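Colleague: Before I ask anything, let me first share the structure, which is written out below as structure tokens.
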Amino acid sequence: DMREIRRKDRVLNELRAKELLAEGEFGFLAMVNADGGGYGVPLSYAVEEGVIYFHCAPEGHKLDNLAVDNRVTFTVVGPTRVIPGQFTTAYECAMVFGRIERALPEAERLRALRLLVAKYSAGWEEVAEKYIKGSFARTEILKLHMEHISAKTKKDPGY
């Protein structure tokens, strides 16, 4: 069950939440550690309708955790501005709740890597194809199915 945002005046609409996800440079993936504790890691990502893709090594702590529990949250924070004299911070953030899928078909893994290249290395696609070809076998793609999006904002009173 998803809890409602307590401060209704700070809720961002779903369209702006999706824009924030698309614009973000990185986000923070939080999951349950294999021993039951919390675990989180910052990641680059690419968004496609209803899903978020991440790339990583084919083994490691993240994957061990996801093998036990594939439920995650992914948070992206937009531009922030600390307002010292008012003891507050202006911000926007979007949080996605969902489940991670692994072992994707080869064609989808390739598409996900190309989406990441388009986002982070536009203009370098030709060079990127050589990198993709060389490292494809040792690259895992994680697919986050977006089940729920929650977003908040605190407006800058100076604007």
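The values are calculated or read from the model by the stated rules, or taken from the named source; none is laboratory data. Computed from a prediction, not measured in an experiment: that's the story for all the values here. As a convention, Cβ positions derive from the backbone with ideal geometry for all residues, glycine included, and neighbour counts pool all protein chains shown. Heads up: the accessible areas ignore ligands, DNA and RNA and are worked out on the full protein's heavy atoms, side chains in. Shrake-Rupley method; radii C 1.70, N 1.55, O 1.52, S 1.80 Å.
Colleague: Cross-link candidates for Lys154: which aspartates and glutamates have Cα within less than 19 Å, leaving aside residues fewer than 8 places away along the same chain?
Modeller: Those aspartates and glutamates meeting the cut-off are Glu4, Asp9, Glu14, Glu19, Glu23, Glu92.
Colleague: Using label points projected 7 Å from each Cα along Cα→Cβ, tell me how many nm separate His145 and Asp35, to one decimal.
Modeller: If labels sit at His145 and Asp35, their model points lie 3.1 nm apart.
Colleague: Tell me the per residue accessible area of segment 54-121 using a 1.4 Å probe; a whole number in Å² is fine. Working shown, then result.
Modeller: Numbers: 3760 Å² over 68 residues.
That works out to 55 Å² for each residue.
Colleague: Distance cut-off 21 Å, Cα to Cα: go down the list Lys18/Lys152; Lys18/Lys155; Lys18/Lys143; Lys62/Lys143 and report the pairs above it.
Modeller: none
Colleague: What residue among Arg111, Arg99, Arg71 shows peak mean-square fluctuation when the chain is described by a Gaussian network model with Cα springs under 10 Å?
Modeller: Checking each option, the largest mean-square fluctuation is seen for Arg111.
Colleague: Would you look at the GNM of the chain, springs on alpha carbons closer than 10 Å, and say which of Tyr91, Tyr45, Tyr53 moves the most?
Modeller: Tyr91
Colleague: I would also like to ask the following. Build a GNM of the chain with springs between Cα atoms under 10 Å: which of Val72, Val47, Val82 gets the top mean-square fluctuation?
Modeller: Val82
Colleague: Continuing with this model, one more query. Using a 1.4 Å probe on the protein heavy atoms, what percent of the accessible area of the chain belongs to carbon and sulfur?
Modeller: Result for the chain: 54 percent of the exposed heavy-atom area is carbon or sulfur.
Colleague: Can you give the FRET efficiency for Phe97 and His61, using 1/(1 + (r/R0)^6), R0 = 22 Å, r = Cβ-Cβ distance, to the nearest 0.05?
Modeller: 0.55
Colleague: Run the helix sum for the chain: -39,500 (n - 2.57) per DSSP H stretch of 4+ residues, divided by residue count, reported at 222 nm to the nearest 500 deg cm²/dmol. The partial results should precede the final answer.
Modeller: Details: 4 runs with 44 residues, N = 159.
When only DSSP H runs of four or more count, the value is -8500 deg cm²/dmol.
Colleague: Diagonalise the Cα gyration tensor of segment 103-159 and give the resulting equivalent ellipsoid semi-axes, square root of 5 times each eigenvalue, largest first, whole Å.
Modeller: 32, 18, 8
Colleague: Now for a separate question. Keeping all protein chains in the complex and leaving out DNA, RNA and ligands, what accessible area do you get for Ser121 with a 1.4 Å probe, in Å² to the nearest 10?
Modeller: Its accessible surface works out to 50 Å², give or take rounding.
Colleague: What distance in nm separates the two pseudo spin-label positions at Phe136 and Asn13, each 7 Å out from Cα along the beta-carbon direction?
Modeller: My value for the distance between the label points is 4.2 nm.
Colleague: Right, something else. Quick one: if the Förster radius is 22 Å, what FRET efficiency do Trp124 and Ser44 give, using the C-beta to C-beta distance and rounding to 0.05?
Modeller: 0.90
Colleague: Considering only protein heavy atoms, with the full assembly of protein chains and a 1.4 angstrom probe, order Phe87, Phe26 by accessible area, largest first. Each step should come with its number before you reach the end.
Modeller: Values: Phe87 190, Phe26 125 Å².
The most accessible residue leads, giving Phe87, Phe26.
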